[in-house]
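Data block below; observations after.
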Amino acid sequence: MNEILNIAIVQAHLIWENPIQNRINLSRMLESISKPIDLVILPEMFTSGFTMHAESLAETMQGETIKWMQTIAQDRNCALTGSLIIEEDNNYYNRLVFVYPNGKIESYNKRHTFTPAGENKVYKAGVEKVILQYKGWKICPQVCYDLRFPVFARNTEDYDLLYYVANWPKPRIAAWDALLKARAIENMSYCVGVNRIGLDGKGHEYPGHSAVYDVLGEQLTYLEANKEGIEILQLSKEHIAKNRKYLGFLNDKDRFNLIM
């Protein structure tokens with residue numbers, strides 16, 4: 001079990017519907033990481049941007065992007081995660097993939113599809129909350145619009161880290177900032193948000209604001225708006241345990257079951 005988890009959050013400009021170029025650009029960004037890293041977090045739909053053109057852009061779980069992720073994870077001896085468009089059983093998913101250093105894969109299908117953009121008409125929504133086990137850390141992965149629904153993120157599993165990968169646009173970025181902090185506070189966990197930058201093919205602008213919050217809602221790091229970058233930092237199990245013991249807020253949570 002690792003008392004410290006070294007993470008890298010990647011705020012990238014995504015090229016509209018161009019998986020090959022996005023993989024090339026992200027590879028170049030990741031080459032700048034010289035320190036040992038346990039986990040690298042990429043944005044939502046990192047190969048394409050937030051597109052509804054699933055039919056022409058979907059890959060399989062044996063496709064080029066999954067192979068690319070496995071190669072990087074194995075070469076750098078780290079876990080790598082982000083979401084992409086996956087076709088499976090005649091359905092399309094906005095699927096978050098978590099690749100372990102040994103190449104093993106776990107995944108989470110975005111539960112809350114973004115109805116204002118018609119995501120619900122193109123992508124099948126997930127039905128299961130996922131908790132990952134990695135180096136002694138319990139990790140809860142979620143995707144973009146999930147951030148608006150606190151019941152789904154409710155920390156009933158005593159997870160240590162909650163993270164969101166996103167294409168969150170500029171007009172609603174104040175909600176992104178506020179809700180990331182709120183999810184950290186209410187769940188007494190680290191909360192990480194990784195957002196893209198740049199314009200997409202529909203003219204929507206994404207400003208980044210990727211950030212990490214501790215269990216008390218203190219902002220530990222923040223990537224400058226509208227600029228590509230990678231931020232590396234350490235998360236501490238001791239910080240979680242100390243604050244949960246001293247401030248047992250999770251012990252007093254309301255009891256109910258979530259029916260999906």
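None of the figures in this text is laboratory data; all of them are computed from the coordinates on show. Source: prediction; values computed, not measured. Cβ atoms come from the backbone with ideal geometry, glycine included; neighbour counts cover every protein chain shown.
Counting only residues at least eight positions apart within a chain, or on another chain, the lysines with an alpha carbon under 21 Å from that of K124 are K110. Using the Karplus relation 6.51 cos²θ - 1.76 cosθ + 1.60 with θ = phi - 60°, the per-residue 3J(HN,Hα) values for the stretch 5-20 come to 10, 8, 10, 10, 9, 10, 9, 10, 7, 9, 7, 4, 6, 10, x, 4 Hz, with x marking Gly and Pro. Compared with the dominant principal axis of the Cα atoms in the chain, helix 64-76 is inclined by about 50°. In a reduced charge model with +1 at each Lys and Arg Cβ and -1 at each Asp and Glu Cβ, the stretch 4-251 shows a dipole moment near 460 debye about its Cα centre.
Of all lysines in the structure, the ones whose alpha carbon falls short of 28 Å from that of K35, not counting any fewer than 8 places away in one chain, are K67, K104, K135, K138, K181, K227, K237, K242. Sorted largest first, the principal axis extents computed over the alpha-carbon atoms of the chain equal 51, 41, 35 Å. How far, in degrees from 0 to 90, does helix 173-187 lean away from the longest principal axis of the Cα atoms of the chain, to the nearest 10? That works out to roughly 40 degrees.
Between 0 and 90 degrees, the angle of helix 237-246 with respect to the longest Cα principal axis of the chain falls at about 40 degrees. Of N257, M69, Q142, whose Cα points farthest to the positive end of the dipole of the chain (charges on the beta-carbon: +1 Lys, Arg; -1 Asp, Glu; origin at the Cα centre)? Going by the Cα projections, it comes out as N257. The order of the peptides 24-37, 41-54 by mean Cβ neighbours within 10 Å, most packed first, is 41-54, 24-37. Put simply, the amide H of M45, placed in the peptide plane, has neighbours under 5 Å in S83, L84, leaving out anything fewer than 5 places away on its chain.
Hey, can you rank 185-198, 165-178 by average C-beta count inside 10 Å, highest first?
Those peptides, ordered most packed to least, come out 185-198, 165-178.
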